[in-house]
Amino acid sequence: MSRISPAGAPTNGVQTGPVALDLAKVRQRKRDIVASFRSGIERRFKQTDGLVLLAGEASFTAPKSLDVRLNTSDRMALTADLIFINTGTRPAQPSLTGLDDVPALNSTTIMELESVPEHLLVLGGGYVGLEFSQMFRRFGSRVTLVQRSSQLLGREDTDVAEAITAILREEGVAVLLDTLALRVRRNSHEIELDVKTSQGEQTLRGTHLLVATGRTPNVEQLGLKYAGIEVDKRGFIKVNERLETNVSGVYALGEANGGPAFTHMAYDDFRIIRRNLLEGTPATIAGRLVPYTMFIDPQLARVGLSEQEAREQGRDIHVAIMPMSYVARALEVDETRGFMKAVVDAHSKQILGFTILGLEGGELMAMVEIAMLGKLPYTVLQDAIFAHPTLAESLNNLFATIS
């Protein structure tokens, strides 16, 4: 099993020896953290006056009526003027010949492995595919990532995607772009994946297969047709800017409504519901900033518009770009891979978007997000005093590149 040394260790005078990984202990730590979070939430539910927590499966029988199956023999009929759907999503199953006959992993089951795969095949170049590809490569697996399109992360700017591809390949991940998965089968102790590239068909062989090709909403068992609730062509529940479905008083929050698939956006959906229904102060999803971080190493983080999105909207913009190798803090900790990019309105000087592929990118992105929320012109960050040596001071130099 190959091992990847900590970045920069020999150069910094740190001598490393053999590193062993006990994946079962890694898994147990994950389980303990999840259990702690879940039990804490359940405890707060049970301690809330006027709130009754039921564990069961609910489906509509009419627009404001539900049948709740508590177990195989008990069920309960409920009616309410206000109903909130927050059933989330699950890993999507792509249409791939032979997949039903192969023990494929998804974003949940891969975290239950008790040993490191010898060779992990990954279908999909999105967040899940990239995070697990890098993680298991660092755990010691051979990793081959198959992406149907010409770049990873199709919603990101090309230069961002190319930089991430280079980082993964530098770490030993085999990234195959413009590669279409045709069929898969199990052969003895191996999984064989037939793919089509510009050079023709070939067969990839691995010990494990991770399918990371998107998410599908958990709505099939909800009986939405009995309530008259509309869904879009992908099966997500349609909502307006106040998160209300086409049925008055019925709302859909989180991933079930097809919005940004991030936990923090589901939290913000609750803010909108609370403001409108409990506080009586109008709030909508229109124009809200969507921050996110992909936890590869170094992190990718973005808030607001990408350069491509801004140009597609016909905006007159300035673009500031600076490599992380220009950042003193990044040099000091020997992690200079990546770059940061800001998109600024040429007239108002407002920051329209910020992307960083770099050391602790999510934390630096949050600083820029605060400036955007406060509608500060980029010149405020350009001229601000930040402590040295911190990552924050890089914002001085980044925005100074705008003439």
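Just a few scattered comments:
- Taking every DSSP bridge with both residues inside the chain, close to 75 percent are antiparallel.
- Computed E for ARG186/GLU363 - FRET, C-beta separation, R0 41 angstrom, nearest 0.05: 0.40
- Whole-Hz Karplus values for the stretch 125-137 come out as x, x, 4, 4, x, 6, 4, 6, 4, 5, 4, 6, 5 Hz, taken residue by residue from phi with 6.51 cos²θ - 1.76 cosθ + 1.60 and θ = phi - 60°; glycine and proline positions read x.
- P(r), alpha carbons of the chain - 10 Å bins starting at zero, rounded %: 4, 17, 25, 26, 20, 7, 1, 0
- Per-atom-type breakdown for the stretch 191-336 gives carbon and sulfur 49% of the accessible area (1.4 Å probe, protein chains only).
- Within the same chain, aspartates and glutamates fewer than 8 places from LYS238 are excluded, and of the rest, those with a Cα less than 20 Å from its Cα are ASP81, GLU220, GLU230, GLU255, ASP268, ASP269.
- Listed residues GLY287, GLY17, GLY249, most fluctuating in the chain (Gaussian network, C-alpha, under 10 Å): GLY17
- Cα-based reach from LYS375 at 17 Å (exclusive), listing lysines while leaving out same-chain residues under 8 positions away: LYS349
- For the chain, built as a Gaussian network whose Cα springs stay under 10 Å, the top-fluctuating residue of PRO91, PRO260, PRO282: PRO282
- Proximal charge balance of GLY362 [Cβ under 11 Å; K/R count +1, D/E count -1]: -2
- Surface accessible to a 1.4 Å probe, per residue, for the residues of the stretch 97-183, Å²: 43
- Cα centroid separation - the stretch 51-122 against the stretch 287-355, whole Å: 36
- Per-residue Karplus couplings for the stretch 165-176, computed as 6.51 cos²θ - 1.76 cosθ + 1.60 with θ equal to phi - 60°, are listed in order as 4, 5, 5, 5, 5, 4, 8, x, 7, 7, 9, 10 Hz, Gly and Pro entered as x.
- GNM on the chain, alpha-carbon springs under 10 angstrom: the most fluctuating residue among ARG27, ARG69, ARG43 is ARG43.
- Isotropically averaged projected area of the stretch 194-268, using the convex hull of Cα atoms (one quarter of hull area), nm²: 8.3
The values are calculated or read from the model by the stated rules, or taken from the named source; none is laboratory data. These numbers come from a predicted model, not from an experiment. All Cβ positions, glycine included, derive from the backbone under ideal geometry; neighbour counts span all protein chains shown. Please note that ligands, DNA and RNA were not included when accessible areas were found on the heavy atoms of the full protein model with its side chains. Shrake-Rupley method; radii C 1.70, N 1.55, O 1.52, S 1.80 Å.
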